[in-house]
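No value in this document is a laboratory result; all are computed from the given coordinates. Computed from a predicted model, the values in this text were never measured in an experiment. Every residue, glycine among them, receives a Cβ derived from its backbone with ideal geometry; neighbour counts consider all protein chains shown.
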């Protein structure tokens with residue numbers, strides 16, 4: 001695994017020398033210019049965040065990733081729907097989700113459960129009736145008949 005210093009040097013080198021032949025440059029079609037011109041530049045910045053968290057033993061978070069990328073959560077999520085960048089952001093989110101899941105297994109922390117719910121996890125049980133021969137109208141009539149006999 002690369003050290004944080006190596007990744008930061010690689011990221012700086014990427015900013016200075018980017019060879020379009022090696023990297024697919026994603027064009028911006030209006031609005032604010034893209035902070036990351038290539039998927040490789042975004043992925044390198046994501047890797048720097050993950051290595052930094054591993055070295056400092058800080059938990060991985062979406063907000064922490066956004067701060068490390070010097071952007072907002074909303075902008076990070078916007079990259080998720082851009083062609084080319086989608087896989088990098090989805091994989092980063094999946095790694096963060098895994099870290100919450102592992103911490104929840106170890107500690108059972110309510111904060112981790114809340115965070116997992118933000119990833120679409122549910123904290124409820126659902127009952128599915130598989131009896132397809134159930135006649136609700138007949139059942140209601142039978143209940144009404146029995147109730148009238150009790151009166």
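At a Förster radius of 25 Å, what calculated FRET efficiency corresponds to the Cβ-Cβ distance of residue 106 and residue 52, to the nearest 0.05?
Given R0 = 25 Å and the Cβ-Cβ separation, E is 0.70.
Which of 106, 124, 40 has the fewest other C-beta atoms within 10 Å, and how do the rest follow up to the most?
With the sparsest Cβ surroundings first, the list reads 124, 106, 40.
Please work out how much length the chain gains when fully extended from residue 82 to residue 149, using 0.36 nm per residue of separation minus the C-alpha to C-alpha distance, in nm with one decimal. Could you put the intermediate results ahead of the total?
Working: separation 67, 0.36 × 67 = 24.12 nm, distance 6.71 nm.
Once the chain is fully extended between residue 82 and residue 149, it gains 17.4 nm.
Take residue 35 and residue 135, extend 7 Å from each Cα along the Cα→Cβ direction, and tell me the distance between the two endpoints in nm.
Using points 7 Å along Cα→Cβ, the separation is 6.4 nm.
Normalised by the residues of the range 41-98, what does the relative contact order come to in percent, with Cα pairs under 8 Å and at least six apart?
Over the range 41-98, the number comes to 32 percent.
Just check the range 66-151 against the gyration tensor rule for me: Cα atoms, a ≥ b ≥ c as the square roots of the eigenvalues, rounded for a/c under 1.5, and otherwise prolate or oblate depending on whether a/b exceeds b/c. Please list the in-between numbers first.
Numbers: a/c = 4.21, a/b = 2.75, b/c = 1.53.
Prolate shape, in that a/c is at least 1.5 and a/b is the bigger ratio.
Ranked highest first by the average count of other Cβ atoms within 10 Å around their residues, in what order do 91-99, 55-63 fall?
Working: 91-99: 16.1, 55-63: 13.0.
Sorting 91-99, 55-63 by mean packing, highest first, produces 91-99, 55-63.
For 151, 146, which order do you get if you count the other beta carbons within 10 Å of each Cβ and list the fewest first?
151, 146
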